[in-house]
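Computed from the coordinates by the stated procedures, all read-outs in this text should not be read as laboratory data. Only a predicted model underlies this, so the values are computations on that prediction, with no experimental measurement involved. Ideal geometry is used to build each Cβ from the backbone, glycine not excepted, and the neighbour counts take in all protein chains shown.
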């Protein structure tokens, strides 16, 4: 599947957020950065680096999906596509309930235009909760939780 075509489809959806996953050290970061190099309508957000530069008021171990949502929606970024990388440092501290809350955030809550005009592309390591996630397909009958190898190189 061509990533640019897929993203064009997804940007027209009411539920725009997607998850791209694959094992550690598999090229997710390289692919995410490449998207932003080739697409002027996108912004690469290294979430771990962002939190190091902008520490939250609560300890990282207490940061939950609601705090993540507030952080993402509070970003002052003008472009419509936010490519979020290195979420795992936060996700891996969450219990199964919080992981389900995160999946609900991505799958249901980040609606457009009522919540955000942005399209969020989350790059993450494969995890049992992500593998079990069941998001609604988009209008082109494409999934919103995909493995990195679903896409051709940019």
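Which condition breaks for residue 42 when tested against (1) in contact with a strand residue (DSSP E or B) (Cβ under 9 Å, 6 or more places away or on another chain); (2) under 23 Å from residue 104 (Cβ atoms)?
Single failed check for residue 42: (2).
Output the residue which, of all residues in the stretch 76-101 that are in contact with a strand residue (DSSP E or B) (Cβ under 9 Å, 6 or more places away or on another chain) and in a helix (DSSP H, G or I), is surrounded by the fewest Cβ atoms within 10 Å (Cβ to Cβ).
Quick first cut of the stretch 76-101, residues in contact with a strand residue (DSSP E or B) (Cβ under 9 Å, 6 or more places away or on another chain) only: 77-88, 91-92.
From what is left, the residues that are in a helix (DSSP H, G or I) are 88, 91.
Values: 88: 17, 91: 20.
Per the criteria, the residue is 88.
Scan the stretch 8-29 for residues that are assigned to a strand (DSSP E or B) and within 14 Å of residue 127 (Cα to Cα) and report the count. It would help to see each step written out before you state the result.
Step one: filter the stretch 8-29 for residues assigned to a strand (DSSP E or B), giving 15, 18-22.
Next cut, within 14 Å of residue 127 (Cα to Cα) only: 19-22.
Count: 4.
I need a count of the residues in the stretch 102-143 that are touching a helix residue (DSSP H, G or I) at 6+ places or on another chain (Cβ under 7 Å), buried (at least 18 other Cβ atoms within 10 Å of the Cβ) and part of a loop (DSSP other than H, G, I, E, B).
Residues flagged as touching a helix residue (DSSP H, G or I) at 6+ places or on another chain (Cβ under 7 Å), buried (at least 18 other Cβ atoms within 10 Å of the Cβ) and part of a loop (DSSP other than H, G, I, E, B) within the stretch 102-143 amount to 3.
Go through the stretch 33-66 residue by residue and tally those that are in contact with a helix residue (DSSP H, G or I) (Cβ under 9 Å, 6 or more places away or on another chain), in a helix (DSSP H, G or I) and within 22 Å of residue 95 (Cα to Cα).
Residues that pass the stated criteria total 6.
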